[in-house]
Structures are given as C-alpha cells and as structure tokens.
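**Student:** Right, I'll just put the structure down here and ask away after.
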Amino acid sequence: MSRKLAMPAVSLLALRAAQPSAVRGAPRMDSGGNSEQMLAQVQQELKRIGDEIKPVAEQALAQSKSAGEVSAETKATADKLLSQQTAFGKKQDELVNQLEGISSKQTELEQAFADGGRGNGSGQVMTMGQAFIAEDEKIKSFVGNGCSGTLAINVGNAITTADGSGGGLIYHEEERTPVNMPRRRLRIRQLITQGRTSSDLVKYRRQTTRTDATAMVAEEGTYPESAFGWTKAETSVKKIGAFTNISEESMDDADFLQSEIDTELRHGLDLEEEAQILAGDGTGENLHGLIPNATVFAAAAGLPNATHIDRLRLAILQVALADYIATGMVLHPTDWAAIELLKVGVADDRYIFGNPATGNTPMLWGKDVVDSNSMSVGEWLVGDFALAATIYDRSDAEVLISSEHDTNFIEDMLTMKARKRVALANKRPAALVTGNFTFA
C-alpha cells in the first residue's frame, strides 16, 4: 500500500486510538445482538430439556426392567421432551450460522475500511492498524504514548484540479460565438447616390459646354446667343470577387462555419468596393474613383492656410466657388484626432472643439466629418458627394458553394465564391476637391 493511500486510514485510526474504550470495537449490528440473545435463550432451554430428559430416561429404564414395558405417561413425556430438544437444536444451528455470517461480513467491512476501500496490491486486505503502523514509525510511537501530544500527518492524496485527480470532472464553459477580427466601418458608399442597372454598361450625358450670354436687351435690340453642349459618357460594370476552399467534413461538423465564412466574404466585397470608390484608378478592372476625378486643391490667395482647419475651410470655399455646396469631408482618423486636439494657444490649454468630456458629432465648419481608415493619412476629400457621383449595382453580393472545381470532387472539398458587380459614374467632378495636409 502506498503512503498516499494510507493517509486517510492513519488519520482515522489515530482518532480511534484516542477514543474511550467504552466506544471502541466493532460497529454495532442490531440484528447480530438479537441473534446472540436468542442463541443464549435456546441454549438455556436445551440444557433444561437435557436435565429433564435424564430422570425420565432413568424412570423408563427402571419400568422396562421391572414390568417389561414403559408406561404410556412416561413414554409421552419422553417423546415431548425429545421433540422439543430436536426443535431447539435446529434453532441453535440456525442462529449459529447467522452469527457466523454477520461476523464474517463485519470483518470484511473493517478490513475494507482500514484499507480505504482498496487492497494492498498483493490481493490481501490489510486492517487499518496494519495499514498505518506499517507506514510510519511516528504513528507507532504516537499510539504507544497513549496518543498524547500532537501528531502531524501530511495528507498526500488530496483531490486537486490536476489531471488524474478532480481535474477530469471540471466542466469548462464554452461560448460558441467566435471572436472575430475587427471589421472596418464602411461609410463612403452612403455618401454618394445609389442606383441600379440591368446592363453591363451605364451611359449618361454630361454637360461640357455652357456659354451663357444672357444680357439686358434694348427695345428692338438683338439677343445675345448662348451656347450649351453635352457629351455622352459611359462607365462599365466591374466585378469584385473572392473565393476560399473548405473541406466537406469541416462544413458538416462546424455548424457556424458556413455563416461565418459567408459574412467574411461579403465584408471583403464591401471593403474592396469602398477602396475602389475612393481611389480606384480606372485602369483594367478597377473603378474610376472619387479622388482621381476630384478637383485638386488650390488655396485662395490672401487667406490663412497654416493649419488643418484653415485648409479644410479653403477647400469648402473652392467647392463654393465652383457653384456647389459642400456637404461633408472624408479624413483619416489620425488627421481628425489632430484637429480635435488643437488648443487655443500656448498659454491657454483649452481645446478649440469644446469639452473633451462631452461627446460631439464629428463636424467641422458645419459640415459632417467622416473619419475612415479607407482614406490615406494626410489626405482629405471635401465636397457635395451626392451630386458628384452615382454607384450602380448590377448584382448584389452573393455567395455560392460548389464541389465542381478543380479536384474538389475527388478530395471532398467545397469552394465558396463571393461576388458583386457595380459601376461608378463620376458625373460632377468639380463638386469635389481633394488635397493633403502638407504645409510649405
């Protein structure tokens, strides 16, 4: 038996050795106590019957010798006593067998209790005393001294959270909703006009000539001639897409997988669309974005142009001089933070945009500010976005799943494909002004 396994038995026997002698001994069994009392009574009756049979037998023997036969009374008395003796003998045997069985079970319980419910590894069950005395000489000395003083016993088999102990029963909570990587807020598409098309090409007319000769005319005078002109313009529908491969097993076993990948692929489409709306260069399959078509910033002469706030106000002025009204501006979050952190002066630490403890709607010069990571740091875009451009949807975002791709069928693989088709028309480029925060 290992020392660890014996520790609980050692502790219990130490307490047992210190208890009063009146309560020591085997566990009481009421059924056993009753059987012992009954056995004693049966034995007393057997002795009494034996004592009574002896004179009757002697009387019967004397009658047989003298008269040649035993009287009926003596015979009846002897038969009765012999019958009682036989019955009590059987009862005695039953009680003895019962007491032996109880004693055997009691011994087994004591040995199992002493061994903590286990054997000693050799197939022999040890009593509690054998278990703890064989383990540590300290215990012998403690018991030999009448269990006086203090005995320190190290508990070596305590249940802990480790594997192989209680750890296997510890249940861990699991939150099934995955913790995904952050997704960028996509706000640029909402700034421009949105429409739909049923073709792969969007055609529109854009005015390119306006010679307005309108003037005051005298009586019988000649009217001045104005000239106007429009040019046909067109923009092609472009496709945005991506795919990923997934095993059939993972699709079947992971119940969230399909919806999660679907969401990720759709977000990827929208993210690329926003980047194209802002800065697509129009080459190949790229959209022709807002920034490449916007008017380049040119500061009005004689006005302040030393800070971020100054420059954005001059951009609003430039839009106004082109006969449009700016409705908002797009900045990188870093540039917007730089503006919000501006203070009144070196000796005055007050922020220009009010109290930092209160939430403010991002606005500057009365125009909405859209801070987006899709805009490059140090660059900005100001103007009337709704008038400047229109995005046309040819087909909304869709996600398709197929096993008929490459070697998917023989490899139990699936391909998920996401796509959307859009066209971007820059109808009034002069309604937008773009620039940067580089100061000479």
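The values are calculated or read from the model by the stated rules, or taken from the named source; none is laboratory data. Everything numeric in this text was worked out from a predicted model, so none of it was measured. Don't worry about glycine lacking a Cβ; one is built from the backbone with ideal geometry, like all the others, and counts go over all protein chains shown. The area values use the complete protein model at the heavy-atom level, side chains included, leaving out ligands, DNA and RNA. Shrake-Rupley method; radii C 1.70, N 1.55, O 1.52, S 1.80 Å.
**Student:** To the nearest 10 Å², what's Asp255's accessible area with a 1.4 Å probe?
**Tutor:** Taking all protein chains as shown, Asp255 has close to 100 Å².
**Student:** State the extension gain, in nm to one decimal, for the chain segment bounded by Ser71 and His172, taking 0.36 nm per residue of separation less the distance between their alpha-carbons.
**Tutor:** So the chain would gain 27.2 nm between Ser71 and His172.
**Student:** Could you check the simple spin-label distance between Asp310 and Ala227, using points 7 Å along Cα→Cβ, in nm with one decimal?
**Tutor:** 4.1
**Student:** Can you sort Ile192, Ile410, Ile352 by solvent-accessible area, 1.4 Å probe, largest first?
**Tutor:** The most accessible residue leads, giving Ile410, Ile352, Ile192.
**Student:** For region 205-270, what is the Kirkwood estimate of the hydrodynamic radius, computed as the reciprocal of the mean inverse distance between distinct Cα atoms, to one decimal in Å?
**Tutor:** Hydrodynamic radius (Kirkwood, Cα only) of region 205-270 equals 18.2 Å.
**Student:** Not counting ligands, DNA or RNA, and with a 1.4 Å probe, what is Tyr324's accessible surface area in Å² rounded to the nearest 10?
**Tutor:** 60
**Student:** Let me ask you something else. Cα atoms only, region 292-433: Rg and Dmax in Å?
**Tutor:** 22.0, 75
**Student:** Still on this structure: For a quick check: with amide H placed at 1.01 Å from N, whose amide H comes under 5 Å from Asp371's, ignoring anything fewer than 5 positions away on the same chain?
**Tutor:** Leu331
**Student:** Take the solvent-accessible surface of the protein heavy atoms, probe 1.4 Å, and return the percent of it on region 263-337 that carbon and sulfur atoms account for.
**Tutor:** Answer for region 263-337: carbon and sulfur cover 59 percent of the accessible area.
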